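Asker: First, the structure itself, so that you have it in front of you.
The values are calculated or read from the model by the stated rules, or taken from the named source; none is laboratory data. Note that this is a predicted model, so its numbers are computed, not measured. Note that we place each Cβ from the backbone using ideal geometry, even for glycine, and neighbour counts take in every protein chain shown. Areas reflect the complete protein model, heavy atoms only, side chains present, ligands, DNA and RNA absent. Shrake-Rupley method; radii C 1.70, N 1.55, O 1.52, S 1.80 Å.
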Amino acid sequence: MTDETNREREPHEVSRRGVVVRGVVQGVGFRPFVYRLAQEEGLAGSIGNDTDGVTIEVEGPAGRVDAFLLRLREEMPPLALVDSVAVREMAVTGEVGFRIVASEVLGGVSTGIPADAATCADCLRELLDPEDRRYRYPFLNCTNCGPRYTITRRIPYDRPQTAMARFTMCAACQSEYDDPGDRRFHAQPNACWACGPRVWLVGRDGAGITAEDPVAVCVERLAAGEIMAIKGIGGFHLSVDATNEAAVMRLRERKHRYGKPLAVMVRDTEAARAVCALTSKEETLLTTSARPIVLMRKRDGCGVAENVAPGIPWLGVFLPYAPLQHLLFTSGQVWAFVMTSANLSEEPIAIDNDEALARLGGIADAFLMHDREILQRCDDSVAAVVDGAPQLMRRARGFVPLGVGLPIDSPPLLAVGGHLKNVLALARGRYVYQSQHLGDLENLKGLEFFKESLEHLMRTFEIEPWAVVHDLHPGYLSTAWAKDFARERRLKLIGVQHHHAHVAGCMAEHGLTGEVIGLALDGTGYGTDGKIWGGEALICRLGSFERFAHLEYVPMPGGDAAVKEPWRMALGVLHTAGFDVEAEQVLNLLGAQPSEVRVLRRMMERGINSPMTSSLGRLFDAVAALVLNRRVVDYEAQAAIELEGISVDERDRFEQGDYVPELHSAEEGLGSVAEIRTGKMWKAVLDDLWRGVPARRIAARFHAGIAEGFINAAANARIETDINTVALSGGCMHNRRLARLLRSGLEEEGFKVFIHRQVSPGDGGLSYGQAVVGAAMMGSCVE
């Protein structure tokens, strides 16, 4: 808190102070909180929203004013996120009484819209109380909970700027809204049965389904095995009874999502404990106001259908966060619901009623709809406890559009992210505002969602970028779009290497502005040499980097086909390691025919459609292909996730055997870059396979060996640079086992180790890192 009023005062001397509070302070009950404080301290003055946050003036005895300022700092509403509190002396006016004044729109926006928040305990009690006037009302909320970002058009956050503008409050709701002592004082989505949104059922043909209680009928149909499309906070969910194997398989077939895990919603933490072996940290994460999907180890025989999350030991579980969802559990007919994004695979989530009918009519048997407009598509966030602390894997509902801090000043700029798991970002000053998870930019619908989200974010925060930051990959749709956008608007264009952005993001998240050793470990990233990187030890600063070491290059026979068919990657690495890939023993491991192996071997030898990669993600694929017989994957990183999933025995945690890759010096271009070679490791893998060593032990050894190889690379980098700080980034840092082995091993070597927590280490966090690098390159560093 900054205070320009440091002179001593007598406690009874009358004082007037002006206070500006910046941060997420609109839509979180901040004005009624301040009003009550002022009343309790007997102060006059006013409070109002503006584009900076909230502006307060208080007048009264100096001692009371001081007490007010202290309580302002210490008793904030639970959803408030305060960046700064500035206090200044003002002339005493003799004002009487404390007022809440109308919002003002003055200059550029520097406040934030709150994220959507889960139903609070008070509202839940009212929802289930037969004597309450909002009993079973699917849209009740208050200043401590309910939709925010998904119903907001622009700042200031007032009802006319939201999707609730068309609903005129009844006298009872208006009275609550106007009463500073009420929990619903200035709760913008405030509504009830008499004046608010309503819910109804329709069939897949759009015809209405008569139901006195549409939610109860929806549950009856789910219990009977039907697929229901249910409109929520940020979009529709496709839902089935999570214990009904046939219903789950029917949903997978209609949605064309054959192997990828589905999320499960359960009633409360007690139900979650019955399904998964919750740790205390996972339970805390599960019950935050953001209510993310939390990936946790599922219990054997938990009752959830096996095909909800086939082939892996984890289950994505979350709790109800909207009143309508709480109502789904009241009858007890179904205790666990599959709740997955309502779309065909890789398309944006459906939000509009007509859109849902058109796009989901071939999937859902019926629809539970409502008439509160969703202004921003927003998938559920996904998180996990990785190496002892929460880590966001998908940052969306409940976290967006909250800003993520920067350790340097940034001019207004746009970062467009990558190709898969796209998230864009706007930066200004000391904050980056990431969009919600947008999905893969594979088609026109994905690009339209990208542009729609950018327009909303630019309008919300009134940021007009001076520069556009993009990935170096020439084939990314985001890169092509960024170049067109910059040319049309005559903006500066900045290309940032993929893995530099990953590491810079980790640095910035932890306030690091010096040099670090960055271990960037993922599946795909375009390198400065035109090859595909992904197993990198970098020397990084926010605005620049050098490559110190990398996994040896291996071919990807068939290019992108090698990502979808991991046995091709196994063929590529074995061929590079000098094995006879047409030998019968190797063919049996690959599950391949001699003719197809012969064709691919010739392609690799002639350099035809066989791009070279140093990707750790592809190395995981290759091992999984041999150890798990995983020839084809249904979704990105499936092979690697399954390999991690069988590596569960802690006795093998440090059992490396001969699995540690070897570090070799190699001349590349003008500088000496070390190469991490895996030939010896592959001999050990094959020997273990042929000796009948259990797959889980081979998987554990592989994890331990790879971790040790990169720890060795970091130790060698420290010898040459004297850098003792390591930043871990890239999609492979979602791997709990690998992250834990790297962190613990590096710390044993005396390194300070940092890993992502607020943003995803994968491509969902890429735009944040791009913004960091862009800001640094534009010369705005202020340590």
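Asker: Only one residue in A117, A165 is at pLDDT 95 or above, closer than 22 Å to G403 by Cα and open to solvent by less than 60 Å² (accessible area, probe 1.4 Å), so which one is that? I'd like the intermediate steps shown before the answer.
Answerer: Details: A165 fails: closer than 22 Å to G403 by Cα.
After applying the criteria, what remains is A117.
Asker: Can I ask one more? Could you check, for the range 701-718, whether at least one of its residues is among the basic types (K, R), part of a helix (DSSP H, G or I) and surrounded by 23 or more Cβ atoms within 10 Å (Cβ to Cβ)? Steps first, please.
Answerer: Initial filter on the range 701-718 (among the basic types (K, R)): 701, 718.
Filter once more, so that each one left must be part of a helix (DSSP H, G or I): 701, 718.
Filter once more, so that each one left must be surrounded by 23 or more Cβ atoms within 10 Å (Cβ to Cβ): 701.
Yes.
Asker: Looking at (1) buried (at least 16 other Cβ atoms within 10 Å of the Cβ); (2) free of Cβ contacts under 8 Å to residues at least 12 places away in the same chain, find the lone condition where R254 falls short.
Answerer: Only one criterion is unmet by R254, namely (2).
Asker: Right, next: Output the qualifying pairs, or none if there are none: Cβ atoms under 9 angstrom, residues six or more apart or on different chains, first residue in the range 166-191 and under 22 Å from R153 (Cβ atoms) and among the hydroxyl-bearing types (S, T, Y), second residue open to solvent by less than 40 Å² (accessible area, probe 1.4 Å) and not in a helix (DSSP H, G or I).
Answerer: T168/C195; Y177/M169; Y177/R184; Y177/F185; Y177/A187; Y177/Q188; Y177/N190
Asker: Sticking with this structure for a sec: Looking at (1) part of a loop (DSSP other than H, G, I, E, B); (2) open to solvent by less than 20 Å² (accessible area, probe 1.4 Å), can you tell me which one E212 breaks?
Answerer: Of the numbered conditions (1) part of a loop (DSSP other than H, G, I, E, B); (2) open to solvent by less than 20 Å² (accessible area, probe 1.4 Å), the odd one out for E212 is (2).
Asker: With respect to the numbered conditions (1) open to solvent by 10 Å² or more (accessible area, probe 1.4 Å); (2) out of contact with any Pro (no Cβ under 9 Å at 6 or more places or on another chain); (3) more than 18 Å from H499 (Cα to Cα); (4) part of a helix (DSSP H, G or I), which one is the sole condition not fulfilled by G764?
Answerer: (3)
Asker: Scan the range 296-355 residue by residue and report those that are more than 21 Å from K421 (Cβ to Cβ), open to solvent by 20 Å² or more (accessible area, probe 1.4 Å) and either assigned to a helix (DSSP H, G or I) or among the acidic types (D, E) (or both).
Answerer: Across the range 296-355, the qualifying residues are D300, E306, N307, H326, D352, N353, D354, E355.
Asker: Which of (1) surrounded by fewer than 24 Cβ atoms within 10 Å (Cβ to Cβ); (2) in contact (Cβ under 8 Å) with a residue 40 or more places away in the chain; (3) not in a strand (DSSP E or B) is the odd one out, the single condition T524 does not satisfy?
Answerer: (3)
Asker: Are any residues in the range 129-161 among the aromatic types (F, W, Y) and open to solvent by 30 Å² or more (accessible area, probe 1.4 Å), and if so, which ones? Can you show your working first?
Answerer: So the first thing to find is which residues in the range 129-161 are among the aromatic types (F, W, Y), and the list is 135, 137, 139, 149, 157.
Answer for the range 129-161, where residues must be among the aromatic types (F, W, Y) and open to solvent by 30 Å² or more (accessible area, probe 1.4 Å): just Y135.
Asker: Are any of the residues in the range 398-407 within 16 Å of D763 (Cα to Cα) and open to solvent by 20 Å² or more (accessible area, probe 1.4 Å)?
Answerer: Looking through the range 398-407, none of the residues is within 16 Å of D763 (Cα to Cα) and open to solvent by 20 Å² or more (accessible area, probe 1.4 Å).
Asker: Which of the residues that make up the range 422-445 are outside any strand (DSSP E or B), more than 15 Å from the chain's Cα centre (by Cα) and surrounded by fewer than 20 Cβ atoms within 10 Å (Cβ to Cβ)? Can you show your working first?
Answerer: At the first step, the residues of the range 422-445 found to be outside any strand (DSSP E or B) are 423-424, 435-438, 440-445.
With more than 15 Å from the chain's Cα centre (by Cα) added as a condition, the list becomes 441-445.
Within the range 422-445, E442, N443, L444, K445 qualify.
Asker: L368 fails exactly one of the following numbered conditions: (1) under 18 Å from I113 (Cβ atoms); (2) open to solvent by less than 10 Å² (accessible area, probe 1.4 Å); (3) outside any loop (DSSP other than H, G, I, E, B). What is the number of that condition?
Answerer: The one condition L368 does not meet is (1).
Asker: Identify all residues within the range 287-309 that are over 16 Å from E270 (Cβ atoms) and among the aliphatic types (A, V, I, L, M); write none if there are none.
Answerer: Scanning the range 287-309 gives A290, I293, L295, A305, V308, A309.
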